[in-house]
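*Asks:* Please see the structure below; I have some questions.
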Amino acid sequence: RKVRVEYAGALYHLMSRGDRREPIFLDDEDRELFLRTLGNACGRTGWKVHSYVLMTNHYHLLVSTPEANLVAGMKWLQGVYTQRFNVRHRYAGHLFQGRYRALLVDPEEPDYARVVSDYIHLNPARAGLLETGDGSLESYPWSSYPQFLKPRGKPPWLGVSEVFGWHGWDASKAGGRRRYGE
């Protein structure tokens with residue numbers, strides 16, 4: 001296997017899929033459990049999540065690592081979530097298929113980082129998951145996108161200001177949030 005590239009200040013697009021492409025989230029409680037576990041992982045590692053989306057059988061994260069701890073953090077995140085999922089559903093064994101993917105994103109290339117974040121946020125639309133409700137990205141609760149539009153109440157591990165900065169907007173201003181929504 002290739003050695004993972006880890007260094008302090010790295011930015012990664014992380015993806016992992018269910019074993020045999022099976023669901024890794026059976027219901028909303030699983031999704032909430034994953035987000036709590038992700039928050040725990042960020043607290044343990046110092047990670048900042050800039051964008052996320054939870055699909056049925058996979059997830060995407062855009063994460064910066066202040067320390068060179070991607071491998072240890074992902075081992076903890078996926079291992080602990082798998083244990084919690086298995087206990088909750090009385091399952092045993094693997095949940096994730098093989099190794100997670102970790103694509104290095106150059107933080108000095110804000111255009112590329114912006115495109116990755118947009119790709120993550122647009123995933124539910126591409127997968128046809130917005131047909132319920134009003135059909136907007138904001139109606140999909142398992143993405144960081146709706147969090148970007150709120151002035152307050154974001155998880156402390158969600159790095160909205162960096163993504164807004166890549167777009168050239170200020171996350172603390174209503175105009176920046178409105179422009180992001182458009």
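*Asks:* May I ask you to verify whether ALA125 is surrounded by 13 or more Cβ atoms within 10 Å (Cβ to Cβ) and closer than 24 Å to MET74 by Cβ? Talk me through it step by step, then tell me what you get.
*Replies:* On the way: surrounded by 13 or more Cβ atoms within 10 Å (Cβ to Cβ): yes; closer than 24 Å to MET74 by Cβ: no.
Answer is no for this residue.
*Asks:* Filter segment 130-162 down to residues that are of a type in the set (Ser, Thr, Tyr) and more than 24 Å from ASN40 (Cβ to Cβ) and give me whichever is modelled with the lowest pLDDT. Step through it out loud before you land on a result.
*Replies:* Here is the first cut: in segment 130-162, the ones of a type in the set (Ser, Thr, Tyr) are 132, 136, 139-140, 143-145, 161.
Going one step further and asking which of them are more than 24 Å from ASN40 (Cβ to Cβ), we end up with 132, 136, 139.
On the way: THR132: 61, SER136: 82, SER139: 85.
Ranking the qualifying residues of segment 130-162, first place goes to THR132.
*Asks:* Moving on to the next point. Looking at segment 88-118 only, could you name the residues that are farther than 19 Å from VAL3 by Cα and among the hydroxyl-bearing types (Ser, Thr, Tyr)?
*Replies:* Taking segment 88-118 and keeping what is farther than 19 Å from VAL3 by Cα, we get 88-96, 107-118.
Listed by number, the residues that qualify are TYR91, TYR112, SER117.
*Asks:* Mind telling me which of the residues GLU6, GLU67 ends up being surrounded by 17 or more Cβ atoms within 10 Å (Cβ to Cβ), over 17 Å from the mean Cα position of the chain (by Cα) and modelled with pLDDT of 95 or more? Walk me through how you get there before you give the answer.
*Replies:* Details: GLU67 fails: surrounded by 17 or more Cβ atoms within 10 Å (Cβ to Cβ).
The conditions single out GLU6.
*Asks:* Identify the single condition in (1) among the β-branched types (Val, Ile, Thr); (2) at pLDDT 95 or above; (3) open to solvent by 60 Å² or more (accessible area, probe 1.4 Å) that THR45 does not satisfy, given that it satisfies every other one.
*Replies:* (3)
*Asks:* Only one residue in ALA92, ALA102 is of a type in the set (Gly, Ala, Ser) and open to solvent by 70 Å² or more (accessible area, probe 1.4 Å). Which one? Give the steps one after another, and end with the answer.
*Replies:* Working: ALA102 fails: open to solvent by 70 Å² or more (accessible area, probe 1.4 Å).
Sole residue among the options that is of a type in the set (Gly, Ala, Ser) and open to solvent by 70 Å² or more (accessible area, probe 1.4 Å): ALA92.
*Asks:* Considering only residues that are over 24 Å from PHE34 (Cβ atoms) and of a type in the set (Asp, Glu), look in segment 142-182 and name the one that is least open to solvent (accessible area, probe 1.4 Å).
*Replies:* It comes out as ASP170.
*Asks:* So if I check each of ALA174, ALA127, ALA102, which one is out of contact with any Pro (no Cβ under 6 Å at 6 or more places or on another chain), closer than 16 Å to TYR59 by Cβ, at pLDDT below 85 and of a type in the set (Gly, Ala, Ser)? Spell out how you get there, then give the answer.
*Replies:* Details: ALA174 fails: closer than 16 Å to TYR59 by Cβ; ALA102 fails: at pLDDT below 85.
Among ALA174, ALA127, ALA102, only ALA127 is out of contact with any Pro (no Cβ under 6 Å at 6 or more places or on another chain), closer than 16 Å to TYR59 by Cβ, at pLDDT below 85 and of a type in the set (Gly, Ala, Ser).
*Asks:* Then there is this: Based on this model, can you work out whether TYR59 counts as open to solvent by less than 10 Å² (accessible area, probe 1.4 Å) and within 25 Å of TYR180 (Cα to Cα)? It would help to see each step written out before you state the result.
*Replies:* Details: open to solvent by less than 10 Å² (accessible area, probe 1.4 Å): yes; within 25 Å of TYR180 (Cα to Cα): yes.
Considered against the rule, which asks whether it is open to solvent by less than 10 Å² (accessible area, probe 1.4 Å) and within 25 Å of TYR180 (Cα to Cα), TYR59 comes out as yes.
The values are calculated or read from the model by the stated rules, or taken from the named source; none is laboratory data. Just so it is clear, the structure is predicted and the values come from calculations on it, not from any experiment. In this analysis, Cβ positions are derived from the backbone assuming ideal geometry, glycine residues included, and neighbour counts consider all displayed protein chains. Surface accessibility is based on the protein's heavy atoms, side chains included, excluding ligands, DNA and RNA. Shrake-Rupley method; radii C 1.70, N 1.55, O 1.52, S 1.80 Å.
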